[in-house]
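Participant: Here it is: the structure, laid out below.
No lab work stands behind these numbers, since they all come straight from the coordinates. In this text, all values refer to a predicted model and were calculated from it rather than measured experimentally. Note that each Cβ is placed from the backbone with ideal geometry, even for glycine, and that neighbours are counted across all protein chains shown.
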Amino acid sequence: MKTFEEKWTAWVDGELSGKELAEFEASLPDKPAAEAERTAVKKLGALLRRELVAPALSNEEFFSHQLRERIARENAEQMGRFGAAETARGWDWRPVRRMLWAGSASIAIFLALAVFVMRDKNPAGQSQYLTQILNARVDPVVSPNATISMFQSKDQRVTVLWTEGLQSLPADYAAK
């Protein structure tokens with residue numbers, strides 16, 4: 001459904017007809033005032049079309065006009081980015097210095113956090129279970145051919161206890 005403004009514009013332009021035109025004109029509170037406004041709008045439109053005519057440009061003028069507009073736009077962008085003083089004297093090193101300071105500060109903060117968070121804590125040493133097993137002895141009566149071998153890798157923090165010939169583990173070997 002069209003809004004009142006859309007119907008008004010269509011009525012002024014003369015695009016309404018039939019039932020739609022009759023309904024719209026019936027909905028107008030003051031039809032003579034609306035007709036007067038309609039003629040005023042048409043007169044204004046005719047005046048603007050007659051007086052505001054863009055000059056016709058030849059192909060060369062149009063092309064030159066486009067180039068001048070583009071150059072002016074690019075110069076305005078460049079002046080806005082660097083400012084008149086910087087473009088007059090040449091390259092400005094301040095942004096590069098700021099970037100170096102920001103990068104250095106970021107690296108320093110990262111290193112400080114890395115040292116604080118990821119500092120290597122000394123391992124607690126051997127596990128109490130491993131110490132208990134190493135200090136105990138295999139009873140020759142229960143397992144006469146039993147041998148215990150231990151393999152340790154300190155860089156990977158792994159200890160492997162290899163037992164051979166052990167038939168059963170005595171009660172005092174039970175882990176806590």
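Participant: Using a simple spin-label model with points 7 Å from Cα along the Cα→Cβ vector, what separation in nm is obtained for residue 149 and residue 100?
Facilitator: Roughly 6.1 nm, to one decimal.
Participant: Ok, one more. All other residues with a Cβ under 12 Å from the Cβ of residue 11 taken together, and with Lys, Arg as +1 and Asp, Glu as -1, what is their net charge?
Facilitator: -4
Participant: Please compute the modelled spin-label separation between residue 51 and residue 71, points set 7 Å along Cα→Cβ, answer in nm with one decimal.
Facilitator: Going from the residue 71 label point to the residue 51 one covers 3.5 nm.
Participant: In addition: With only Lys, Arg, Asp and Glu charged, each at its Cβ (+1 for the first two, -1 for the last two), find how big the charge dipole of the stretch 4-51 is about the Cα centre; round to the nearest 20 debye.
Facilitator: Using only the charged Cβ atoms, the result is roughly 280 debye.
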